[in-house]
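K.L.:
Mind looking over this structure? Questions follow.
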Amino acid sequence: NSLIALRVDYTSDKENYRRVDFFVIVVYTNYIISNCLISRKGESMFIGRSRELAKLESLYNSNHFEFAVFYGRRRVGKTTLINEFIKDKHAVYYMAVEGTKKENLAGLSKALLAAHTVSAPQFGDFEDLLEYVDQLAMTNARQILVVDEFPYLASSYPPISSMLQSHIDQCWKNSRLFLILCGSSMSFMEEQVLGYKSPLYGRRTVQFKLHPFTFFEARQMLSGFSAEEQAILYGVTGGIPEYLSRIDRNRSMDENIIELFFEESGRLFEEPVNLLKQELREPASYHSIISAIAGGASRINEIATKTGMETSGCSNQTASLTALGIVRKETPVTENASSRKTIYRLEDSMFLFWYRFVRPNTSGIIQNAGTTIYEHIVKPNLSDFMGRVFEDICQQYLYHPQIYTKLPFLPGNTGRWWGTDPVKKRQEEIDIMAIQDNQALLCECKWRNVPVNIEITKQLLDRGKLFHYDQIFYFLFSKTGFTKEVLEYQKQDSSLFLISFDKICLLK
């Protein structure tokens, strides 16, 4: 039940002298510092996922069989959430390994027998093990059985899904057993556990697809930094709880980013590489696709040209990256998903940051020039990088519980829009556009160090003429506020709303 972590830090001088310090840390599973669990000075604090926890507690208090399915990308906090839920309950927790049937049978047997203080050898096969679970399920006590990284177990022993289905139908559905299956392979969980072709289809009573934290959730882990620094740290970590937990509040924002990304020993120096190795075979071409998108290529033919790949192969691999939540497929919000205007963007802002600033400078970072690279290449371009991140924060603002019901109307479809202005004969873009029936909301998001002026305001209002909705409302979001001229103009136009970053940060 313990994890032994080995960290190696080294420095080199001109004579290639190397000092190596070994830090061996033993931590118990329930106290691993990752995802949503922050541990400082012996105290643990669980942040976020309140809705998921409330739902789980509600299900736990029922007198029925429950089957919960958790899935989401790696590092997003699935295991930590499950451990928080079961920490004060009678539960069997087993994390499957990427190994053989024998290894997983032995591991699950050990976890099951140890939890019930049974001194016995492991079960002979999975059928014997599941029959033992049958006996536990028929008692009056609430029993929780968690199999984390279920895709590894299913890969080592494919019949397990059918066997679980049989035991659910014949025994467990009339019991108080609480079964939890969790996995990081989203395609497997969606197709082989939740999909209609799966033996387990229709058996789950609840499912949780965990997403990265929003900016508002991430701020709870970033106290001590200014609001602007919190936004930047949220952007470079992509809102992933485990990455956020690595930020040291006793260091500056710059020091944290350098230590995470621009040192060879940094936690995130090779993170995208490691993630792709875990999820994909032969990831080299996927790196090229992500680099192309991070560099500005957005259409399949542009990505294929930049990578030197065939369009069909590029399309298939881009679809795989989309399924992993790394790439986002977009069409203008006013058009359907099959539109020929489809483009691709990076969904994960940490990947955008890494492929834009870290991967092109890997050699320099290895040569201990990471601080210089950050100061001279990265920091001057952070505002440009934050433009995309700020758009996401603004969209989160619109859907914040304190704001959503106070909007001029409740938005339905929301997303970006781009198209041609037939009068001016030029391409136009709208950062965020929301539609409901015959109403529309157009948003412009500016992460700049100068206030938004009247020219930008009129430009947004002018774009409303491209559409024929009965009512159109305009939201201007600005990092540094608005000029006096814009503030005066807004007093005369009830369709125009001005939202500063300071106002966004007032929300909890």
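K.L.:
Which condition number does GLY419 fail, the rest of (1) touching an Asp or Glu at 6+ places or on another chain (Cβ under 8 Å); (2) closer than 26 Å to SER383 by Cβ; (3) open to solvent by less than 30 Å² (accessible area, probe 1.4 Å); (4) assigned to a strand (DSSP E or B) being met?
P.N.:
With (1) touching an Asp or Glu at 6+ places or on another chain (Cβ under 8 Å); (2) closer than 26 Å to SER383 by Cβ; (3) open to solvent by less than 30 Å² (accessible area, probe 1.4 Å); (4) assigned to a strand (DSSP E or B) applied to GLY419, the lone miss is (2).
K.L.:
Follow-up question, since we're still on this one. With SER349, SER312, SER383 as the choices, which residue is small (Gly, Ala, Ser) and more than 26 Å from the chain's Cα centre (by Cα)? Working first, answer last.
P.N.:
Working: SER349 fails: more than 26 Å from the chain's Cα centre (by Cα); SER383 fails: more than 26 Å from the chain's Cα centre (by Cα).
The unique qualifying residue is SER312.
K.L.:
Taking segment 327-369 as the search range and keeping residues that are acidic (Asp, Glu) and without any contact (Cβ under 8 Å) to a residue 60 or more places away in the chain, which one is farthest from LEU466 (Cα to Cα)?
P.N.:
Residues of segment 327-369 that are acidic (Asp, Glu), as a first pass: 330, 335, 347-348.
Adding the requirement that they be without any contact (Cβ under 8 Å) to a residue 60 or more places away in the chain leaves 335, 347.
Working: GLU335: 14, GLU347: 28 Å.
Only one residue fits best here, namely GLU347.
K.L.:
Against the condition in contact (Cβ under 8 Å) with a residue 12 or more places away in the chain, within 28 Å of the chain's Cα centre (by Cα) and open to solvent by 50 Å² or more (accessible area, probe 1.4 Å), how does VAL92 come out, does it pass? Show your work before the answer.
P.N.:
Details: in contact (Cβ under 8 Å) with a residue 12 or more places away in the chain: yes; within 28 Å of the chain's Cα centre (by Cα): yes; open to solvent by 50 Å² or more (accessible area, probe 1.4 Å): no.
Against the criterion (in contact (Cβ under 8 Å) with a residue 12 or more places away in the chain, within 28 Å of the chain's Cα centre (by Cα) and open to solvent by 50 Å² or more (accessible area, probe 1.4 Å)), VAL92 does not qualify.
K.L.:
Being among the β-branched types (Val, Ile, Thr) and part of a loop (DSSP other than H, G, I, E, B) is the filter; apply it to segment 287-343 and report the residue that is surrounded by the most Cβ atoms within 10 Å (Cβ to Cβ).
P.N.:
If we filter segment 287-343 for residues that are among the β-branched types (Val, Ile, Thr), which is where we start, we get 289-290, 293, 300, 303, 305, 307, 311, 318, 322, 326-327, 331, 333-334, 342-343.
In the following step, the residues that additionally are part of a loop (DSSP other than H, G, I, E, B) were identified as 326, 331, 333-334, 342.
Numbers: ILE326: 25, THR331: 18, VAL333: 18, THR334: 17, THR342: 15.
The selected residue is ILE326.
K.L.:
Determine whether SER155 is in a helix (DSSP H, G or I), on the phi < 0 side of the Ramachandran plot, touching a Pro at 6+ places or on another chain (Cβ under 9 Å) and not β-branched (Val, Ile, Thr). Step through it out loud before you land on a result.
P.N.:
Values: in a helix (DSSP H, G or I): yes; on the phi < 0 side of the Ramachandran plot: yes; touching a Pro at 6+ places or on another chain (Cβ under 9 Å): no; not β-branched (Val, Ile, Thr): yes.
So SER155 fails the test.
K.L.:
In addition: Considering only residues of segment 190-230 that are more than 16 Å from the chain's Cα centre (by Cα), among the aliphatic types (A, V, I, L, M) and not in a loop (DSSP other than H, G, I, E, B), which is farthest from SER155 (Cα to Cα)? Before the answer, list the steps.
P.N.:
The first filter runs over segment 190-230 and keeps only residues more than 16 Å from the chain's Cα centre (by Cα), leaving 190-207, 220, 222-230.
Subset that is among the aliphatic types (A, V, I, L, M): 193-194, 200, 206, 222, 227.
Applying the additional criterion that residues be not in a loop (DSSP other than H, G, I, E, B) yields 193, 206, 227.
On the way: VAL193: 13, VAL206: 23, ALA227: 45 Å.
The selected residue is ALA227.
K.L.:
Return yes or no: is ALA284 in contact with a strand residue (DSSP E or B) (Cβ under 8 Å, 6 or more places away or on another chain), surrounded by fewer than 22 Cβ atoms within 10 Å (Cβ to Cβ) and either of a type in the set (A, V, I, L, M) or without any contact (Cβ under 8 Å) to a residue 12 or more places away in the chain (or both)? Steps first, please.
P.N.:
Values: in contact with a strand residue (DSSP E or B) (Cβ under 8 Å, 6 or more places away or on another chain): no; surrounded by fewer than 22 Cβ atoms within 10 Å (Cβ to Cβ): yes; either of a type in the set (A, V, I, L, M) or without any contact (Cβ under 8 Å) to a residue 12 or more places away in the chain (or both): yes.
For ALA284, the condition - in contact with a strand residue (DSSP E or B) (Cβ under 8 Å, 6 or more places away or on another chain), surrounded by fewer than 22 Cβ atoms within 10 Å (Cβ to Cβ) and either of a type in the set (A, V, I, L, M) or without any contact (Cβ under 8 Å) to a residue 12 or more places away in the chain (or both) - is not met.
K.L.:
Among all residue pairs at least 6 apart or on different chains, which show Cβ distances below 7 Å where the first residue, located in segment 211-228, is touching a residue at least 40 places away in the same chain (Cβ under 8 Å) and of a type in the set (Phe, Trp, Tyr) and the second is open to solvent by 30 Å² or more (accessible area, probe 1.4 Å) and not in a helix (DSSP H, G or I)?
P.N.:
These pairs meet every condition: PHE216/LYS508.
K.L.:
If you don't mind, another one. Open to solvent by 30 Å² or more (accessible area, probe 1.4 Å), of a type in the set (Asp, Glu) and under 24 Å from the mean Cα position of the chain (by Cα), is that true of GLU103? Don't jump to the end; show me each part of the working.
P.N.:
Details: open to solvent by 30 Å² or more (accessible area, probe 1.4 Å): yes; of a type in the set (Asp, Glu): yes; under 24 Å from the mean Cα position of the chain (by Cα): no.
It is false that GLU103 is open to solvent by 30 Å² or more (accessible area, probe 1.4 Å), of a type in the set (Asp, Glu) and under 24 Å from the mean Cα position of the chain (by Cα).
K.L.:
Which of the helices (runs of 4 or more DSSP H) contained wholly in segment 348-388 include at least 1 residues that are closer than 27 Å to THR214 by Cα?
P.N.:
349-353
K.L.:
Further, regarding this structure: Would you mind finding the one in VAL133, VAL76, VAL69, VAL97 that is in contact with a strand residue (DSSP E or B) (Cβ under 7 Å, 6 or more places away or on another chain), touching a residue at least 40 places away in the same chain (Cβ under 8 Å) and under 24 Å from PHE188 (Cα atoms)?
P.N.:
On the way: VAL133 fails: under 24 Å from PHE188 (Cα atoms); VAL76 fails: in contact with a strand residue (DSSP E or B) (Cβ under 7 Å, 6 or more places away or on another chain); VAL97 fails: in contact with a strand residue (DSSP E or B) (Cβ under 7 Å, 6 or more places away or on another chain).
When all the criteria are applied, what remains is VAL69.
K.L.:
Name the helices (runs of 4 or more DSSP H) wholly inside segment 424-508 in which the number of residues that are over 26 Å from the mean Cα position of the chain (by Cα) and under 25 Å from GLY412 (Cβ atoms) is 1 or more.
P.N.:
Hits in segment 424-508: 454-463.
K.L.:
Next up: Here are LEU164, LEU200, LEU179: which of them is within 20 Å of GLU98 (Cβ to Cβ) and either surrounded by 21 or more Cβ atoms within 10 Å (Cβ to Cβ) or in contact with a helix residue (DSSP H, G or I) (Cβ under 8 Å, 6 or more places away or on another chain) (or both)?
P.N.:
LEU164
The values are calculated or read from the model by the stated rules, or taken from the named source; none is laboratory data. This is a predicted model, so every value here is computed, not measured. Cβ: placed from backbone, ideal geometry, glycine included. Neighbour counts: every protein chain shown. The area values use the complete protein model at the heavy-atom level, side chains included, leaving out ligands, DNA and RNA. Shrake-Rupley method; radii C 1.70, N 1.55, O 1.52, S 1.80 Å.
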